[in-house]
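The block underneath contains the structure these notes are about, expressed in structure tokens.
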Amino acid sequence: MNSKQYIAVEDKYGAHNYHPLDVVLNKAKGLWVWDVDGRKYLDFLSAYSAVNHGHNHPRIIKALIDQARKLTLTSRAFRNDQWPMLAKELCTMAGFDMVLPMNSGAEAVETAVKTARKWGYQKKGIPQDQAEIIVCENNFHGRTVTVISFSTEPLYRKDFGPFTPGFKIIPFNDAEALEKAITPNTAAFLVEPYQAEAGILIPSPGYLKKVREICTKNNILFIADEIQTGLGRTGKLFAFEHEQAKPDMVVIGKSLGGGCYPISAALATADVMSVFRPGEHGSTFGGNPLACAVARESLRVLKQEKLIQNAAKMGRYFMAKLKTIKSRHIKEVRGKGLLIGVELYPEAGGARRFCEALKDAGLLCKETHDNVIRFAPPLIIAPKDLDWAFVRISEVFARLEA
């Protein structure tokens with residue numbers, strides 16, 4: 001079957017809940033992917049930062065195969081030998097006391113919401129069922145009903161109500177708005193340190209540090225959603241480290257699974273995570289030995305192959321190159337590490353047509369919020385690969401300048 005045939009089958013039998021570029025992939029290695037027609041592309045999206053280590057990293061694939069041959073799933077009815085070791089290694093690496101494993105990023109966010117509410121009732125003394133959590137406009141924390149209840153994106157909310165109460169929405173990058181929104185019933189502030197889905201929005205210097213101070217002063221939890229920004233993407237292990245603004249809880253996912261198996265987690269201080277008792281929260285697949293073995297190796301690769309440092313170095317290199325492109329369509333180039341957004345003026349006709357042109361040139365990326373092109377290659381990328389990509393990006397902008 002060729003690409004057109006696969007697309008026709010998907011369009012007929014698959015729910016139309018995504019709008020992918022029309023490329024049908026069937027093979028990958030490192031930075032590169034191939035489609036069913038044999039065409040080769042440079043992956044510049046990394047599955048929304050889930051493939052930070054590159055596709056099919058040999059060490060991670062070996063860990064997956066070795067563990068799959070021994071034990072894949074026990075549920076949490078029994079213990080296994082991989083979960084406690086991952087828990088220790090994660091907490092040691094990230095500097096937290098305890099961790100609760102889940103599978104998807106949205107599940108980790110739901111875990112954070114439940115934890116914050118329970119902490120609010122048990123530790124802060126908020127009256128039952130009155131806890132509030134403050135979030136930011138243009139957030140993206142997942143697609144469950146509770147999570148979209150505090151989204152400001154109409155597309156995510158239309159026809160999915162009624163919604164879960166208990167959330168207050170304020171502008172992103174506005175510490176004063178956070179301070180004004182806090183009440184005696186506020187349990188937590190949940191925020192993405194950098195808003196990726198909103199168009200790679202980077203807050204003003206000092207914002208996260210001020211958030212930390214406000215949360216401490218008002219006895220509310222500071223929760224950082226680092227599902228896309230964490231584990232090296234921005235040139236630090238976590239984005240909050242750019243300002244030494246350590247939260248009380250951080251949620252991670254995506255690249256924790258090394259690009260080949262879903263696993264997520266919520267990490268917190270012991271005071272916060274100790275609110276749970278057996279049976280109050282969990283997941284059949286959460287902490288399964290297969291996912292944990294993969295995650296353990298992905299963390300080792302991240303550290304031993306210096307992917308975080310490479311993200312910082314390559315991000316600076318590529319951002320500087322992108323800023324040299326002269327185009328009337330480009331409004332701004334912004335980002336941190338290898339999470340980079342090129343915002344276009346509305347008159348450019350939308351970012352998708354640029355992504356489609358880049359696909360035809362052999363570079364895979366994706367639009368976000370209509371007018372932003374997101375560039376987020378695997379953290380293993382080298383200068384020669386970025387140079388290769390830059391040539392094609394420059395050519396596409398020149399061709400679409402008219």
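Values in this text are rule-based calculations from the coordinates and carry no lab data. Note that the coordinates shown come from a computational prediction; the quantities given were computed from them, not determined experimentally. Using ideal geometry, Cβ is built from the backbone for each residue, glycine included, and neighbour counts are taken over all protein chains shown.
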So how strong a dipole does the chain carry about its Cα centre when Lys and Arg Cβ are +1 and Asp and Glu Cβ are -1, to the nearest 20 debye? 940 debye
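Could you list His16, His329 so that the one with the fewest beta carbons within 10 Å of its beta carbon is first and the one with the most is last? Provide the component values of the computation, followed by the final result.
Numbers: His16 7, His329 18.
So the ranking, lowest neighbour count to highest, is His16, His329.
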Which one, Asp159, Asp37, Asp385, has the greatest fluctuation when you compute a Gaussian network model over the chain with C-alpha springs under 10 angstrom? Asp159
What's the angle, to the nearest 10 degrees (0 to 90), between helix 289-304's Cα axis and the longest principal axis of the chain? 70 degrees
Helix axis angle, 307-322 relative to the chain longest principal axis, alpha carbon, degrees: 50 degrees
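Report, in listed order, any pair from Lys323/Lys384; Lys29/Lys321; Lys210/Lys254 with a Cα-Cα distance greater than 20 Å. Kindly include the intermediate steps, with their values, before the conclusion.
Numbers: Lys323/Lys384 18 Å; Lys29/Lys321 26 Å; Lys210/Lys254 28 Å.
In this structure, Lys29/Lys321; Lys210/Lys254 exceed 20 Å between Cα atoms.
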Cut-off under 5 Å, modelled amide H: who pairs with Met102 long-range: Ser264, Ala265, Ala266, Gly287
For region 128-260, using Cα atoms only, the Rg and Dmax in Å read 14.6, 43
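Determine, for Trp34, Trp119, the number of other Cβ atoms within 10 Å of each Cβ, and report the residues in order from fewest to most. Don't jump to the answer; show the numbers that get you there.
On the way: Trp34 15, Trp119 26.
In increasing order of surrounding Cβ atoms, one gets Trp34, Trp119.
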Across region 135-144, in residue order, what do the Karplus-derived ³J(HN,Hα) couplings come to in whole Hz, using 6.51 cos²θ - 1.76 cosθ + 1.60 with θ = phi - 60° and x for Gly and Pro? 10, 10, 4, 6, 5, 9, 10, x, 10, 6
If neighbour count is taken as other Cβ atoms inside 10 Å, put Arg76, Arg277 in order from fewest to most. Arg277, Arg76
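Take every DSSP beta bridge with both residues inside the chain and express the antiparallel ones as a percent of the total, to the nearest 5.
Numbers: 31 of 47 bridges.
So the antiparallel bridges amount to about 65 percent of the total.
Evaluate the relative contact order of the chain (contact order divided by residue number), counting alpha-carbon pairs under 8 angstrom at least 6 apart; express in whole percent. Before the final figure, lay out each step's value.
Values: 793 pairs, mean separation 90.3, N = 402.
Over the chain, the number comes to 22 percent.
Let me know the longest stretch in the chain that avoids all GluC sites (Glu not before Pro) found in a DSSP loop with at most 14 other C-beta atoms within 10 Å.
Working: sites that count: Glu280, Glu401.
Result for the longest clean stretch: 1-279.
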Out of residues 5 or more away from Lys331 or on other chains, whose amide H comes under 5 Å of its own, with H placed 1.01 Å from N in the peptide plane? Glu343, Leu344, Tyr345
Karplus-derived 3J(HN,Hα), 6.51/-1.76/1.60, for each residue of region 333-347, Hz, glycine and proline x: 10, 8, x, 8, x, 9, 10, 10, x, 10, 8, 9, 5, x, 5
Considering only C-alpha atoms, what is the centroid distance from region 70-128 to region 195-226, in Å? 21 Å
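Quote the relative contact order of region 37-152 in percent (integer), defining contacts as alpha-carbon pairs under 8 Å separated by 6+ residues.
Details: 43 pairs, mean separation 17.5, N = 116.
This gives 15 percent for region 37-152.
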Rank Arg69, Arg157, Arg59 by mean-square fluctuation in a GNM of the chain with C-alpha springs under 10 angstrom and give only the top-ranked residue. Arg69
